[in-house]
Amino acid sequence: MEDTKELAGLKIADFSQGIAGPYSAMMLAQAGASVTKVEPLGGDWSRTLGTAFGDYCSHAVIANLGKKSISLDLKSADGLKIARKIAQEADVVIESFRPGVMKKFGLDYSSVSKTNENVIYLSVSGYGQEGPYNDRPVTDGAIQGFSGWMSITRDENGTPMKTGMVAIDFLTGLFAYQSILKNLIGRGIHGKGKYIDCNLMQTAAAFQSAKILEHHLEGGQPTVLYVPAGTMKTSDGFIGIAVMREHHYTSLCTVIGREDLITHADYDTREKRVDNEKPLMNILRAEFLKKTTAEWSSSLNDAGVIQSPVNTYADYLENEQTLAVESYSWIDHDVVGKIPLPRIPGFDSFVNGDALAHSPRIGEHSEEILTGMGYSKNDISSFKETGAVGG
C-alpha cells in the first residue's frame with residue numbers, strides 16, 4: 001500500500017519569486033501538496049540568480065522541486081483571468097511582490113478572500129507590509145546589514161562580514177512554511193483562513209533573538225562564551241575548535257604538546273582564558289601551523305576535543321558520515337545534468353526520476369494546468385496565440 005503524503009489534496013498557488021516564497025512552496029510540494037507555480041512569461045527572476053543553464057540556475061532548481069509551472073502575462077485580460085481563477089481555487093496563496101502590487105491585479109488577500117473565504121494567504125516582503133521602509137527594494141545582504149547580523153561576524157580587521165549565501169531568504173522560507181502549516185491546522189480546527197505577513201527583516205530578528213537579548217542585557221558588549229574557540233589555520237587548510245570545559249582545555253594542550261599552558265597563571269581558568277583571549281589564541285595558532293588538518297582532527301577527536309575540519313562542499317559530499325546516513329541523493333536532471341540533492345530533515349530522500357525531484361521549465365505545465373481547470377484545447381490555443389499564456 002502506497003503511503004499518502006501528509007498534504008495530499010491541498011492546492012497551493014505560488015505567485016512568489018526569488019527564494020523565500022518559492023522555498024516555502026517547495027516544501028509544501030515535498031509534503032504532498034499540489035503546487036502551481038505562476039510565473040511571468042520570462043520566468044521567475046530567481047532563474048538567473050547565479051550561473052544560468054537554460055531556464056535554470058542552482059537556486060531555481062532547489063526552490064521549485066516538485067512544482068508545476070504555468071507562465072502568464074498578468075497584464076493581459078486572459079492571463080489575469082486565469083491567475084484569479086488559480087487563486088480562487090487554492091487552499092494557500094503565496095506571493096512576494098512589493099506591498100500594493102497584488103492589489104493592482106485584484107490578487108491581494110482582500111480580493112481573493114471575497115470568493116475564497118478560507119484561503120490562507122502569505123505575503124513575503126523585505127521589511128513588512130507597512131511602515132516607512134515597506135516599499136524599499138531589498139536583498140538578503142541588505143537585511144543582513146540592517147538586522148545586526150553582519151555586526152557579530154567580522155574579519156581580522158573588524159570589518160563586518162556578509163554570510164556567503166542568501167541565508168535570510170532561506171530562513172524566511174522556513175518560517176513561511178511553518179506559518180502556513182500552523183494556519184492549516186488552525187483552519188482545520190476553526191474553519192477560518194488567515195492572512196500572514198512573513199518578512200525578511202522579522203525573520204532575521206527572530207533567528208537572532210538570543211543574540212539581540214544578549215546584546216541588550218550585556219550593554220552591547222557580550223562576553224565570550226569560552227576560549228579557545230574558532231578557526232585555526234593548519235599546514236594545509238583550516239580546522240575549527242570549541243573548548244567548552246576544563247578537561248577539554250587540558251586535552252587540547254596535551255595534544256599540541258603545550259602542557260605548560262594548562263597551569264599557566266594567565267590561562268588556568270575559564271575566566272582568565274576569556275580575559276587573555278588574544279595572547280592565548282596567538283600561541284595556539286602558531287602550534288596549529290605545524291601539522292595538517294587531518295592530523296589535528298584525528299588527534300583532537302581521539303582526545304575528546306570538539307573539532308571539525310573546515311570542509312568544502314566536495315569534502316562534505318564525499319565524507320563517510322554523510323554517505324552513511326544518506327544525506328543526499330544523486331539526481332539526473334534533464335538540463336543541468338547529474339546533481340546532488342541534500343535531503344530536507346523530516347522528509348524522504350529525493351528519488352531519481354520522481355516528480356518531486358523535478359524542477360519545471362518556465363511554463364512547462366501550462367497546458368496541463370489549464371486543462372485541469374476546465375479550459376478546452378481551443379481556449380488554450382487562443383491563450384497562447386494572444387500571448388496570455390507561455391510554455
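Would you mind calculating the gained length between ALA210 and LYS75 on full extension (0.36 nm times residue separation, minus the Cα-Cα distance), in nm to one decimal? Kindly include the intermediate steps, with their values, before the conclusion.
Numbers: separation 135, 0.36 × 135 = 48.60 nm, distance 4.52 nm.
Extra length available between ALA210 and LYS75 comes to 44.1 nm.
Say R0 is 22 Å: what FRET efficiency, to the nearest 0.05, do ILE306 and ASP348 get from their beta-carbon distance?
Numbers: r = 31 Å, r/R0 = 1.41.
So, using R0 = 22 Å, E works out to roughly 0.10.
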Checklist entry - In segment 191-251, which trypsin sites (Lys or Arg not before Pro) are in a loop and have at most 14 other Cβ atoms within 10 Å, using DSSP for the loop call? => result LYS192, ARG245
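Calculate the FRET efficiency for PHE238 and LYS384 from the Cβ-Cβ distance with a Förster distance of 45 Å, rounded to the nearest 0.05. Show your work: numbers first, answer last.
Working: r = 54 Å, r/R0 = 1.21.
So, using R0 = 45 Å, E works out to roughly 0.25.
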Checklist outcome for this item: In nm, the gap between the two label points placed 7 Å beyond Cα toward Cβ at GLU318 and ARG98 is 4.7 nm
Checklist entry - If the limit is 31 Å between Cα atoms, which of LYS67/LYS384; LYS290/LYS338; LYS37/LYS194 go over it? => result LYS290/LYS338
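Laboratory data are not the source of any read-out in this text; all were calculated from the coordinates shown. Just so you know, these numbers come straight off a predicted model, no measurement behind them. FYI the Cβ positions are ideal-geometry reconstructions off the backbone, even for glycines, and counts take in every protein chain you see.
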